[in-house]
Amino acid sequence: MRRAFIIFLAAGAPLAVGLVSGPGRADSPLPPPARQTIWSNNRWFFAITDPKDWTTTIYRATPDGKGIKSWAMLGYLRFAWLADDGEHLVAAPPGWSGLVPLDYDKEHVILYFLARGELLNKVTLGQVIGDLSKLPRTASHYAWGHVVGFDQDGYFAIETVENRAIPI
């Protein structure tokens, strides 16, 4: 993935691949952190993120299912998406992806872009939502939208609560 921008899509856009649960269910308490496997869309790579040792390890998939370690980083990622190149990850900050706290500001980070564990970029609420006063309130948060994920061309996309597209 050599692109340094994101495709942002309006809430009504027809992308439905890799959706994370939206704000309707997202205001429930989170389950305890658990080890999970995150696959790239092409299934050539997978990441195992583990809260016990606080690591995320990326593997190249092998026919036996074990994988060959490609790289690793410190940190448990509850919500993350792995690019098809196995080098790039997008991660949401701790908490529910798609929601921001009631005391948010426009600098609230909603996504982190990483290359082999190194921070490339942060996306803030103010970069994706034009009018913050329009954010719908949930029981204990405000909703900004949800992640669609990487598309087949390697672009990353989210669906926002506003009706506009923002390439960055």
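Numerical summary
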quantity	calculated
Residue under evaluation residue 140, criteria (1) modelled with pLDDT of 90 or more; (2) closer than 28 Å to residue 43 by Cα; (3) of a type in the set (S, T, N, Q), criterion not met	(2)
Among residues of the stretch 92-142, those that are over 30 Å from residue 72 (Cβ atoms) and small (Gly, Ala, Ser), counted	5
Conditions (1) over 23 Å from residue 59 (Cα atoms); (2) buried (at least 19 other Cβ atoms within 10 Å of the Cβ): number failed by residue 162	(2)
Given (1) outside any loop (DSSP other than H, G, I, E, B); (2) out of contact with any Leu (no Cβ under 9 Å at 6 or more places or on another chain); (3) of a type outside the set (Phe, Trp, Tyr), index of the condition residue 65 fails	(1)
Qualifying residue in the stretch 83-91 (condition: surrounded by 12 or more Cβ atoms within 10 Å (Cβ to Cβ), within 22 Å of residue 36 (Cβ to Cβ), in contact (Cβ under 8 Å) with a residue 12 or more places away in the chain and touching an Asp or Glu at 6+ places or on another chain (Cβ under 9 Å))	no
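Yes or no, residue by residue, for (1) loosely packed, with under 12 Cβ neighbours inside 10 Å; (2) at pLDDT 95 or above:
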position: 27; (1), (2): no, no
position: 30; (1), (2): yes, no
position: 34; (1), (2): yes, yes
position: 40; (1), (2): no, yes
position: 48; (1), (2): no, yes
position: 55; (1), (2): no, yes
position: 58; (1), (2): no, yes
position: 61; (1), (2): no, yes
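The values are calculated or read from the model by the stated rules, or taken from the named source; none is laboratory data. Remember, it's a predicted structure, so these values are computed and weren't measured experimentally. Positions of Cβ are generated from backbone atoms using ideal geometry, with glycine treated the same way; all protein chains shown enter the neighbour counts.
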